[in-house]
Amino acid sequence: MFDNRNILITGGTGSFGQNFVNYVLRKYKPKKLIVFSRDEIKQWEMAKAYPDNDVLRFFIGDVRDKDRLHRALANVDYVVHAAATKIVPVAEYNPFECVKTNVLGAMNVIDATIDQKVKRVVALSTDKASSPINLYGATKLASDKMFTASNAYSGEHGTIFSVVRYGNVLGSRGSIIPLFTELKSLGSLPITD
């Protein structure tokens, strides 16, 4: 599937992005694998893990910047959209920033991938988008709805959009598991249903 294809991942230096890049480079032979993220330090550190790799490209950019996305998506076949403001308390304290990244950024990814004739886009979502009770979940629900609706919006080129939801991933940055480990000594955990 990814052999001899150009792939771009937004949020490519995050927990998922780093694992995705490693997986693709081990299992496939892509023509180009573009890591698109706004964190130059994480890109620098990640690049050091793949010395002399002529497939991997690092592209500084933010999904909030549609022009930069448009440039990064030139000749790309597949996109994995993993960029998001994900930490619930951060999203609650910075609601405008959360909306800019998770909703407006999603719109930019959709528009730019259609404009650049990308074949397929998979957007990562969260279990928190199901009956959301916080802003992070609400913005991801809006994003999910935009991505799925874009299958009718993509026009004659027919970019295919999909969404995959998952929950807390053990070992990922921002996972609830380290918090539970810290709170273990208190004898109770703050779990809601």
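The values are calculated or read from the model by the stated rules, or taken from the named source; none is laboratory data. Model, not experiment: these values are computed from the prediction. Don't worry about glycine lacking a Cβ; one is built from the backbone with ideal geometry, like all the others, and counts go over all protein chains shown. Note: accessible area is taken over every heavy atom of the protein model, side chains too, but ligands, DNA and RNA are not part of it. Shrake-Rupley method; radii C 1.70, N 1.55, O 1.52, S 1.80 Å.
Observations on the structure shown:
- Matching residues in segment 170-188 - criterion: being surrounded by fewer than 14 Cβ atoms within 10 Å (Cβ to Cβ) and at pLDDT below 65: L170, G171, R173
- Looking at L124, L104, just one residue is aliphatic (A, V, I, L, M) and surrounded by fewer than 20 Cβ atoms within 10 Å (Cβ to Cβ), and that residue is L104.
- Those strands (runs of 3 or more DSSP E) lying entirely in segment 1-102 with at least 1 residues of a type in the set (S, T, Y), over 25 Å from L179 (Cβ atoms) and at pLDDT 95 or above: 6-10, 78-81
- Residue count for segment 45-75, restricted to those that are within 16 Å of the chain's Cα centre (by Cα) and of a type in the set (A, V, I, L, M, F, W, C): 7.
- Residue within segment 79-95 that is of a type in the set (D, E, K, R), on the phi < 0 side of the Ramachandran plot, open to solvent by less than 80 Å² (accessible area, probe 1.4 Å) and touching a residue at least 40 places away in the same chain (Cβ under 8 Å) present: no
- Criterion applied to F20, F16 was being in contact (Cβ under 8 Å) with a residue 24 or more places away in the chain, closer than 30 Å to N134 by Cα and open to solvent by 70 Å² or more (accessible area, probe 1.4 Å), and the one residue passing it is F16.
- Within segment 48-60, residues that are over 14 Å from Y28 (Cα atoms) sit with their Cβ atoms under 6 Å from residues that are of a type in the set (V, I, T), at 6+ positions apart or across chains, in these pairs: R57/I34; F58/V35; F59/I34.
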